[in-house]
Amino acid sequence: MVLNTVEIMKHLPHRYPFLLVDKIIEVEAGKRIVGVKNVTINEPFFQGHFPGHPIMPGVLIIEAMAQVGGLFALISGEVGEDKVTYFVGIDNAKFRKPVVPGDTLRFELEKVSCRRGIYCFAGKAYVEGVLVAEAELKATFADR
């Protein structure tokens with residue numbers, strides 16, 4: 001399954017400048033999802049995040065990863081389409097390399113568990129095959 005930005009916006013309530021996923025390129029039902037974010041100099045956060053030496057804020061890398069995880073449950077049919085994703089936790093976040101304009105982030109998330117309505121994901125972000133960030137993420141879902 002492949003989703004473009006327009007299709008992603010049908011599932012996530014996020015809009016510019018907070019929609020941080022450009023497309024979904026792989027989904028393995030019940031197991032994993034892969035999403036992509038193209039990082040450009042036109043991103044609004046680069047105006048204030050190290051002018052002259054732009055680096056994507058780590059918290060936004062994690063947020064983009066969380067959006068991919070939220071899409072996983074919404075498009076896999078495990079959660080009804082009338083739901084919205086709430087990001088409820090981050091554990092073991094690590095930032096390994098800076099992400100700069102021109103990079104393409106590839107997010108790979110695997111579902112670790114789902115208990116009492118809390119989904120747990122192990123997420124990794126790569127640029128050109130190099131691990132740049134990773135975290136364990138938790139999300140829940142509520143009525144829109």
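Side notes on the structure shown:
- Counting only strands (runs of 3 or more DSSP E) that fall entirely inside the range 38-144 and contain at least 2 residues that are surrounded by fewer than 16 Cβ atoms within 10 Å (Cβ to Cβ), the qualifying elements are 83-95, 104-115, 130-143.
- Among residues of the range 42-87, those that are over 13 Å from residue 109 (Cβ atoms) and polar (S, T, N, Q), counted: 2
- Here residue 86 clears all of (1) out of contact with any Gly (no Cβ under 8 Å at 6 or more places or on another chain); (2) modelled with pLDDT of 95 or more except the condition numbered (2).
- Pair list, Cβ < 7 Å and 6+ apart or interchain, from the range 77-106 residues that are under 21 Å from residue 24 (Cα atoms) and of a type in the set (A, V, I, L, M) to residues that are surrounded by 12 or more Cβ atoms within 10 Å (Cβ to Cβ) and modelled with pLDDT under 95: 79/73; 79/141; 84/141
- One residue stands out among those in the range 8-29 that are farther than 26 Å from residue 129 by Cβ and not aliphatic (A, V, I, L, M): the one that is surrounded by the most Cβ atoms within 10 Å (Cβ to Cβ), which is 11.
- Scan of the range 1-58 for residues that are among the hydroxyl-bearing types (Ser, Thr, Tyr) and free of Cβ contacts under 8 Å to residues at least 24 places away in the same chain, ordered by number: 5, 16
- Residue within the range 18-36 that is in a helix (DSSP H, G or I), within 13 Å of the chain's Cα centre (by Cα) and charged (D, E, K, R) present: no
The values are calculated or read from the model by the stated rules, or taken from the named source; none is laboratory data. The model shown is predicted, which means the values in this text are computed figures rather than measured ones. Glycine also receives a Cβ, built like all others from the backbone with ideal geometry; neighbour counts cover every protein chain displayed.
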